[in-house]
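These notes concern the structure reproduced below.
The values are calculated or read from the model by the stated rules, or taken from the named source; none is laboratory data. Remember, it's a predicted structure, so these values are computed and weren't measured experimentally. Every residue, glycine among them, receives a Cβ derived from its backbone with ideal geometry; neighbour counts consider all protein chains shown. Surface accessibility is based on the protein's heavy atoms, side chains included, excluding ligands, DNA and RNA. Shrake-Rupley method; radii C 1.70, N 1.55, O 1.52, S 1.80 Å.
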Amino acid sequence: MRVRIDRYLLNVAGPRRTPALNRHLAYLLALVAGVLNSVGFVAVAVYTSHMTGLTAMVADHLVLGDLRLVLAGLLALVAFTAGAACCALMFNWARRRRLHSRFANVLLLEGLLMLLFGLLAESLTWAHRDLLFIPVLAFTMGLQNAVITKISGATIRTTHVTGMITDIGIELGKFAYRNRLPAADPVTGDAAKLRLLAALVGLFFAGGVLGALGYLAVGFPVLVPTALTLLVAAWRPLAADLGLRQPRPPRPSRA
């Protein structure tokens, strides 16, 4: 049993991907995204995963003249983009060096950010602390949305619920369609895709409930268990690199 757990932890965030491993990691990250998004809203009244809404908020409040909300929205947009860019930098650096932790290092950074934020945010009493909280949460969201995009080849998102519900509707429409023309290509729904999408939306919702209840009960430390879960998922590929990596021989020159 211990060997199986160790092998699973090595693979779940490791470089060799399978559809099952992608699903398992996506389930975890959808739950994490729900918790983060909910905590952000209850704490600072901003959904830090909702870039469409934040873009609309910036436009609306720019016209209405509320420059503070414009600033908050811009900080979130820039931070989310920076998080996705940071994921790409970390992933490609590790991929080119053939590290086991090409995905796990991003989860490590996300977990550490969540852990520090969960432990320290409650002690910050600055009147404008939301202007710090919003970009931290949005950066974390950008990190995790980008890493699951990389892992799944852009077939899975964990924060883009609008897109997932759209795809659920499309698949339901395919199942409802009646193929009455024998000569035409049949329309068939994808049951596996529908189950995956429904599970991701359900886990995002469950994370939102847990995040809101937890924040109202204990405040920002509600993020600590979630952060520790990400660190557990990340540690085994990182340990493999630290323990097994050997110096590479120099490449032959092309002279």
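So here's what we get for this one:
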quantity	calculated
Dipole magnitude of the chain, debye to nearest 20 (Cβ charges: Lys/Arg +1, Asp/Glu -1, about Cα centre)	1580 debye
Cα principal axis extents for the stretch 128-229, largest first, Å	64, 28, 26
Cα centroid separation, the stretch 156-208 to the stretch 14-71 (Å)	22 Å
Mean projected area (nm²) of the alpha-carbon convex hull when the stretch 5-76 is viewed from all directions	6.5 nm²
Sulfur and carbon atoms: percent of accessible area, the stretch 1-121 [1.4 Å]	67 percent
Helical contribution to [θ] at 222 nm, DSSP H n ≥ 4, -39,500 (n - 2.57), averaged over the chain, rounded to 500	-25500 deg cm²/dmol
Amide hydrogen neighbours beyond the local backbone of residue 157, cut-off 5 Å, H modeled	none
Mean Cβ neighbour count within 10 Å, used as a protection proxy, ranking 189-200, 2-13 highest first	189-200, 2-13
Amide H contacts under 5 Å for residue 46, placed H, 5+ residues apart	41
Karplus 3J(HN,Hα) series, Hz, for the stretch 89-94 with 6.51 cos²θ - 1.76 cosθ + 1.60 (x for Gly, Pro)	4, 5, 4, 5, 4, 6
Positive-end extreme of charge dipole, the chain - chosen from 226, 3, 34 (charges on Cβ)	3
Rounded to the nearest 20 debye, dipole of the stretch 100-186 from Cβ charges on Lys, Arg, Asp, Glu	300 debye
Whole-Hz ³J(HN,Hα) from phi, Karplus 6.51 cos²θ - 1.76 cosθ + 1.60, for the stretch 128-135, glycine and proline x	10, 5, 4, 6, 9, 5, 4, x
Note, ³J(HN,Hα) from phi for the stretch 43-50, Karplus 6.51, -1.76, 1.60, rounded to Hz, x at Gly and Pro	7, 10, 6, 9, 7, 7, 9, 9
Normalised alpha carbon radius of gyration of the stretch 105-181 [divisor 2.2 N^0.38 Å]	1.66
Two-decimal Rg/Rh across the stretch 172-250, once Rg and the Kirkwood Rh are taken from alpha-carbon atoms	1.30
